[in-house]
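The values are calculated or read from the model by the stated rules, or taken from the named source; none is laboratory data. Just so you know, these numbers come straight off a predicted model, no measurement behind them. Virtual Cβ from ideal backbone geometry, glycine too; neighbours counted across all protein chains shown. Ligands, DNA and RNA are stripped out before the accessible areas are found, and what is left, the full protein with its side chains, is counted by its heavy atoms. Shrake-Rupley method; radii C 1.70, N 1.55, O 1.52, S 1.80 Å.
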Amino acid sequence: MNDNKQTRFILVVLTIAFALLAAAFSLDLFGKPAPVHQLPLVDTELLKTETWRRSYADLVSSKAELDAFDCYACHEQGKKQVLKYDDKQQLVIPDEHSDIVMGHGTHGRNNNCFNCHDDSNLLQLQPRDGRALKFEQSTMLCGSCHGPTYRDWEAGMHGRTSGYWNRTKEGADKGDFDGPFKKQDCVNCHNPHSPKFPGRQPAPPPNYLREKHDTPESAQTSH
Ligand code: HEC
Ligand code: HEC
Ligand code: HEC
Ligand code: HEC
């Protein structure tokens with residue numbers, strides 16, 4: 001056989017071999033198809049990004065029901081509200097406010113209504129330093145007693161900041177937190193009357209694309 005013939009022979013053999021392999025692969029003669037396993041859908045509850053509580057400011061901007069904040073629908077204007085205590089010196093919550101459960105700190109350290117509300121103007125909040133705050137300014141009230149947490153919140157380490165990291169972007173430099181840069185108020189996450197953050201179910205772990213037992217660790221040892 002001369003060189004030319006030999007080359008042609010090898011090419012023909014190779015072509016036939018590859019054609020056979022292609023046929024074998026397309027008919028899937030070797031191996032089994034990977035099992036397709038059904039991925040459970042993500043619980044849509046876990047995808048929600050809004051906070052679990054709506055502050056007074058949120059209620060105003062969404063034009064929601066504000067009856068609970070209409071203090072003078074029931075109270076007499078100009079009259080000082082007096083707190084009632086039982087014989088064990090525990091604050092008595094009247095039936096009209098039975099939806100309020102006081103539990104601010106361990107041993108009810110901060111349950112006195114007028115540590116926060118103004119006793120002669122119920123529509124105002126009253127921090128220690130004598131400022132008169134509106135309901136939508138409640139974060140400053142919290143900050144008047146929780147200095148370190150407030151400082152962390154301002155720096156973005158406590159609570160939640162959404163939008164641009166770069167504060168020179170739209171809205172951020174106006175100082176009113178308009179636009180895409182938004183900080184959540186303390187009362188979006190903490191109930192002012194019982195601020196302990198309620199425990200929550202953690203989100204499930206990620207789904208593996210393969211069978212459940214085929215974790216990266218088991219794959220490493222078995223292959
Ligand atoms: C549905 C009617 C109603 C509304 C609205 C209402 N109150 Fe009252 N509140 C009452 C009644 C009734 C009492 C008990 C009688 C009293 O002491 O005057 C009371 C008592 C209180 C007390 C004394 C609590 C205690 O333990 O002794 C405070 C403080 C108070 N209210 C604050 C407010 C504030 C602040 C608002 C608005 C943000 C408000 N209330 C809205 C009906 C109401
Ligand atoms: C630690 C501060 C603090 C204390 C103590 C406190 N409040 Fe409040 N309260 C607030 C703040 C802040 C808001 C507004 C919250 C918001 O924006 O959702 C509020 C809202 C309210 C409201 C209207 C909304 C609602 O939850 O019904 C009523 C009524 C009220 N407080 C009554 C009382 C009474 C009565 C007491 C005492 C038994 C009391 N508060 C003690 C801070 C306090
Ligand atoms: C008058 C001062 C005062 C104000 C105003 C105040 N707090 Fe407190 N807060 C306290 C004290 C005192 C404790 C109890 C600390 C302890 O028990 O060690 C406390 C405890 C807490 C805790 C821990 C609760 C727990 O049970 O672990 C949270 C969260 C909290 N406050 C959030 C807030 C928020 C949110 C506001 C604004 C609505 C606020 N506080 C306003 C004094 C205040
Ligand atoms: C986005 C939600 C969110 C916001 C906004 C927020 N907090 Fe909290 N806060 C939490 C969570 C979650 C915890 C931890 C609860 C736990 O560990 O059980 C917490 C814990 C706390 C505690 C308990 C002590 C500590 O530091 O661990 C205090 C006090 C407190 N927050 C105060 C505030 C104040 C004051 C503000 C506003 C300036 C604020 N928080 C804003 C979610 C929030």
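Checking each residue of the range 69-92 against the condition of being of a type outside the set (D, E, K, R), under 26 Å from Pro202 (Cα atoms) and touching an Asp or Glu at 6+ places or on another chain (Cβ under 7 Å) gives no match. Taking first residues from the range 183-195 that are part of a helix (DSSP H, G or I) and partners that are buried (at least 17 other Cβ atoms within 10 Å of the Cβ) and among the hydrophobic types (A, V, I, L, M, F, W, C), the Cβ contacts under 6 Å between residues at least 6 apart in sequence or on separate chains come to Cys186/Cys142.
Residues of the range 78-104 that are under 18 Å from Ala68 (Cβ atoms), more than 16 Å from ligand 3 (Cβ to nearest atom) and surrounded by 10 or more Cβ atoms within 10 Å (Cβ to Cβ): Gln81, Ile93, His97. Taking the conditions (1) of a type in the set (S, T, N, Q); (2) in contact with a Lys or Arg (Cβ under 6 Å, 6 or more places away or on another chain); (3) within 11 Å of ligand 3 (Cβ to nearest atom); (4) not in a helix (DSSP H, G or I) in turn, Ser144 satisfies each one other than (4). Taken across the range 118-130, residues that are open to solvent by 90 Å² or more (accessible area, probe 1.4 Å), of a type in the set (Asp, Glu) and at pLDDT below 70 do not occur at all. Under the condition of being at pLDDT below 95 and either in a loop (DSSP other than H, G, I, E, B) or open to solvent by less than 40 Å² (accessible area, probe 1.4 Å) (or both), the residues counted in the range 105-117 number 6.
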